[in-house]
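Below is one structure, written out as structure tokens; comments come after it.
Rule-based calculations on the coordinates, nothing more; no lab input. What you are looking at is a predicted structure, and each value in this text was computed from that prediction instead of being measured. Here Cβ is always computed from backbone atoms with ideal geometry, including for glycine, and neighbour counts include all displayed protein chains.
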Amino acid sequence: MTDEVHDVVIAGSGMAGLTAAIYAARADLEPLVLEGDEPGGQLTLTTDVENYPGFEDGVEAFELIQETKGQAERFGASYRQLSVEDADLDGRPFTLHLSDGSRLETKAFVVATGASARWVGAENEEILMGNGLSTCATCDGAFHRGDDVLVIGGGDSAMEEAIFLSKFAERVEVVHRREELRASEIMKDRAMDKEEIEFTWNTELLEIYGSEEEGVTGAKLAHHPEGRPKEKLDNPATEEYDVDVGGVFYAIGHDPNTEFLVDTDVVLDDEGYVETLDGRTSETHVDGVFVGGDVTDSFYQQAVTAAGMGCMAAIDAEEWLDELEREEKAEAAAE
């Protein structure tokens with residue numbers, strides 16, 4: 001067993017994890033932040049952030065992450081670029097098994113591992129993500145004023161993205177691989193009532209054109225009358241064609257990064273998001289485990305809401321540790 005025991009370990013280095021680190025560090029808890037494989041989280045998939053308070057002219061995502069990280073570090077937070085592979089939350093202190101094979105112990109554990117947007121698998125998506133390709137219309141929609149854009153998906157999220165983009169884009173084309181949407185009736189009706197939104201059925205995205213310098217300049221689509229054309233690319237009835245667009249938005253959902261919690265007593269919902277005790281605090285169903293950010297928030301998924309939830313998690317953890325210390329002192333005095 002390791003001799004390394006921390007008061008607070010924070011898993012995740014997006015805005016939730018880093019804000020939790022600031023508050024925990026200012027409380028002299030010397031938090032350790034496990035940054036994961038991609039420090040900065042989902043925010044690193046965009047370039048400029050214009051909707052985070054305090055930056056009149058916007059701020060680069062990388063700069064926002066680095067400044068917030070440095071702020072927490074100044075108060076005493078430390079960092080390791082490791083992930084939690086498994087968590088033993090039955091005993092006290094908790095034992096975390098890390099991606100390099102090591103393990104550590106912590107009294108309180110803050111889960112801020114976020115959620116990963118699902119990607120389509122189109123050619124060039126890795127190059128163009130954050131450069132005209134986005135998974136967040138609320139974050140990047142304003143960059144596409146007057147553009148024609150594609151929204152890939154057919155559920156409520158896709159409808160919400162399309163409706164939001166219709167405020168800025170000249171034309172929004174919703175591309176769906178089937179002939180009917182999975183979205184709720186009310187969301188379908190709202191989207192279909194927008195004259196800026198068009199629907200392209202039985203069609204999938206194959207390739208995105210553009211570069212990091214130019215951004216997105218177009219896309220290649222495939223259509224088959226019976227849907228799911230990617231499965232029928234060799235079929236003579238499948239048509240491949242190009243479209244000129246200035247942006248592409250993926251809206252096919254997110255996967256919360258909670259694999260390491262599956263066999264613990266932390267309660268997850270049907271989609272894998274962490275459930276809190278009453279839906280408002282950061283407390284989970286395991287005493288001493290707290291949560292913040294997109295790993296528990298399937299609705300807002302914004303940098304500013306993640307930061308607020310990270311603040312809540314750190315404050316709740318601090319109060320819990322104070323109560324734990326009081327109980328331990330009372331027990332010692334009674335012996």
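Helix 15-26 axis versus longest C-alpha principal axis of the chain: approximately 20°, rounded to the nearest ten. Across the chain, the mean sequence separation of Cα contacts (distance under 8 Å, 6 or more residues apart), normalised by length, yields a relative contact order of 20 percent.
The long axis of helix 156-165 is offset from the longest Cα principal axis of the chain by roughly 70 degrees.
For segment 66-118 versus segment 227-303, the inter-centroid distance based on Cα atoms is 21 Å. Result for the chain in a Gaussian network model with C-alpha springs under 10 Å: among 22, 127, 315, the largest mean-square fluctuation is at 127.
Above 14 Å, the calculated P(r) of segment 241-300 contains 59 percent of its Cα-Cα pairs.
Our summary gives segment 129-205 a relative contact order of 31 percent, counting only alpha carbon pairs under 8 angstrom and 6 or more residues apart. The local environment of residue 21, defined by Cβ-Cβ distances under 15 Å, has a net charge of -4 under the rule Lys, Arg +1 and Asp, Glu -1.
How big is the C-alpha Rg of segment 27-144 next to the rule-of-thumb value 2.2 N^0.38 Å, as a ratio?
Relative to the 2.2 N^0.38 Å estimate, segment 27-144 comes out at 1.27.
Highest mobility in the GNM of the chain, judged by mean-square fluctuation with C-alpha springs under 10 Å and restricted to 129, 312, 187, is found for 187.
Number of Lys-Lys pairs in the chain with C-alpha atoms under 20 Å apart and a separation of 8 or more places or on different chains: 5. The reciprocal of the average 1/r between distinct C-alpha atoms defines the Kirkwood hydrodynamic radius, which for the chain equals 21.4 Å.
Using the empirical formula 2.2 N^0.38 Å as the baseline, the Cα radius of gyration of segment 125-250 reaches a ratio of 1.00.
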